[in-house]
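> Submitted below is the structure of interest, expressed as structure tokens.
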Amino acid sequence: MLDFEQDGEGVRATFSNGEESQADLLIGADGIHSRVREQLTGKLALRYSGYTAWRGIAPTPDKAFQSGETWGKGRRFGLVPLSGEKVYWFATDNRPEGETDDPARRQAELLELFAGWHYPVPELIGTTPRGDILRNDIFDLPPLKKWSVGRVTLLGDAAHAMTPNLGQGACQAIEDAVTLAGCLTRFEEVSEALARYEALRRPRTARITRQARQVGEIGQWGHPAAVWLRQHFARLLLPVLQPRLLDPILSYEPDRSGKQFPPTT
Ligand SMILES: Cc1cc2nc3c(=O)[nH]c(=O)nc-3n(C[C@H](O)[C@H](O)[C@H](O)COP(=O)(O)OP(=O)(O)OC[C@H]3O[C@@H](n4cnc5c(N)ncnc54)[C@H](O)[C@@H]3O)c2cc1C
């Protein structure tokens, strides 16, 4: 989609192949670089997190893995077992924004970076098909003050791109969709439905965006004194912080009716 125009009757979207489409509403679910958002709010600067991330899926016959993360000095490694003898893994490292690499050297570079880390870190990197390792600089979007205008709204990363530290980007997009569907069912007037949807979703997604960023900042600490402190206090603080941070995220029931107001969490 290139462009849209709206009036009291509907929204008209124009596409790069010259086609046009008319509808009652437009949902900009077009990701972190959203064109719809740019037209609604003007161009906004994304915030670079200070680190880059690699991701891969490794085949493994070892069924004993549990999901988890290991935090080192300015770098992290995490894994999530998948079905079918596969493990999803990710790795991070503090890097300048926009650094490029040679994809053919990516696996070797990662093996150097994580040499000496505990089992199965080097093993998972080493058994991932070489061409299948993704690398992305990590950005988020400072929480928006508004993301709906009239018959146009945003959903998912277009509305609230967040760092992946709480594993919530796609999850929040799904919650958006459930809530938006509820609001559109409840309110006849499209602009009213979109305003309610935004009011229900904006506080929660802004809070999770902030928390995800903070978790990433602490996880990426690289100064030896900070890392020492983190290591020693983690054992004490994690049992207290983890339920306070994760329980409200994971126990949330999205509003399917558009009725719940003000939002509960
Ligand atoms: C390293 C990393 C790890 C992550 N880990 C997790 C995780 O564990 N759990 C989790 O929940 N989330 C995770 N995420 C976040 C998750 O990937 C995103 O939040 C999610 O993909 C957002 O979905 P979306 O549909 O809003 O946007 P996208 O998935 O970006 O989809 C947007 C779509 O819009 C299309 N598009 C863009 N511009 C236009 C245009 N002008 N016209 C038409 N179409 C257009 C794009 O081609 C794309 O298909 C991670 C992200 C990263 C980078």
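The values are calculated or read from the model by the stated rules, or taken from the named source; none is laboratory data. Only a predicted model underlies this, so the values are computations on that prediction, with no experimental measurement involved. Methodologically, a virtual Cβ is constructed for each residue, glycine included, from the backbone with ideal geometry; neighbour enumeration extends over all protein chains shown. Protein only, heavy atoms only, side chains kept; ligands, DNA and RNA dropped before computing areas. Shrake-Rupley method; radii C 1.70, N 1.55, O 1.52, S 1.80 Å.
> Which value, in debye to the nearest 20, gives the size of the charge dipole of the chain about its Cα centre, when Lys and Arg are +1 and Asp and Glu are -1 at the Cβ? Write out the running numbers ahead of the final one.
Values: 32 positive and 34 negative charges, 227 e Å.
Magnitude of the dipole: close to 1100 debye.
> Further, regarding this structure: Length gain on complete extension for the stretch Ala115 to Gln22, per 0.36 nm per residue less the alpha carbon to alpha carbon distance?
27.9 nm
> Round to the nearest 10 and give me the degree value, 0 to 90, for the angle of helix 224-250's Cα axis relative to the longest principal axis of the chain.
Helix 224-250 and the main axis of the chain meet at about 40 degrees.
> Any chance you could run the full-extension gain for Leu82 through His223? It's 0.36 nm times the residue separation minus the Cα-Cα distance, nm to one decimal. Working shown, then result.
On the way: separation 141, 0.36 × 141 = 50.76 nm, distance 3.37 nm.
Taking Leu82 through His223 to full extension adds about 47.4 nm, to one decimal.
> Show me the three semi-axes of the equivalent ellipsoid for the chain, from the C-alpha gyration tensor (sqrt of 5 times each eigenvalue), largest first, rounded to whole Å. Please report the intermediate quantities before stating the final value.
Values: eigenvalues 283, 100, 60 Å².
Ellipsoid half-lengths, sorted descending, are 38, 22, 17 Å.
> Using a simple spin-label model with points 7 Å from Cα along the Cα→Cβ vector, what separation in nm is obtained for Glu253 and Ala199?
Rounded to a tenth, the inter-label distance reads 2.2 nm.
> Next question, about the same structure. Could you give the length gained by full extension between Arg230 and Thr100, i.e. 0.36 nm per residue of separation minus their alpha carbon distance, to one decimal place?
43.8 nm
> Run the dipole for the stretch 144-250 about the Cα centre, Lys and Arg Cβ at +1, Asp and Glu Cβ at -1, nothing else charged, and hand back the magnitude in debye, nearest 20.
On the way: 14 positive and 9 negative charges, 78 e Å.
Dipole of the stretch 144-250, to the nearest 20 debye: 380 debye.
> Using label points projected 7 Å from each Cα along Cα→Cβ, tell me how many nm separate Ala181 and Lys146, to one decimal.
Computed distance between label sites Ala181 and Lys146 equals 2.9 nm.
> Over the chain, what is the relative contact order in percent, taking alpha-carbon pairs closer than 8 angstrom and at least six residues apart?
21
> Let me ask another. Place a point 7 Å from the Cα of Leu2 along the Cα-to-Cβ direction; which residues of the stretch 19-57 have their backbone N under 16 Å from it?
What the label zone holds, given the 16 Å backbone N cut-off, is 19-22, 35-36, 39.
> Suppose every K and R has +1 on its Cβ and every D and E has -1 on its Cβ; what is the size of the dipole of the stretch 105-203 about the Cα centre, in Debye to the nearest 20?
Values: 11 positive and 13 negative charges, 36 e Å.
Computed charge dipole of the stretch 105-203: roughly 180 debye.
> A follow-up question, please. Tabulate in residue order the Karplus-calculated ³J(HN,Hα) for the stretch 140-153, using 6.51 cos²θ - 1.76 cosθ + 1.60 with θ = phi - 60°, rounded to whole Hz; enter x for Gly and Pro.
Couplings: 9, 10, x, x, 7, 7, 7, 9, 10, 9, x, 9, 10, 9 Hz.
> If you don't mind, there's one more thing I want to ask. Starting from the residue with the highest accessible area, list Arg196, Arg37, Arg256 in decreasing order, probe 1.4 Å.
Arg256, Arg196, Arg37
> At 222 nm, what value in deg cm²/dmol follows for the chain if DSSP H runs of at least 4 each add -39500 (n - 2.57) and the sum is divided by all its residues, to the nearest 500? Don't jump to the answer; show the numbers that get you there.
Details: 7 runs with 101 residues, N = 265.
Theoretical 222 nm ellipticity from helices: -12500 deg cm²/dmol.
> May I pose another question? With a probe of 1.4 Å, find how much accessible area the stretch 1-111 has per residue, and write the answer as a whole number in Å². If you can, show how the numbers build up before the last one.
Working: 6400 Å² over 111 residues.
Each residue of the stretch 1-111 exposes 58 Å² on average to a 1.4 Å probe.
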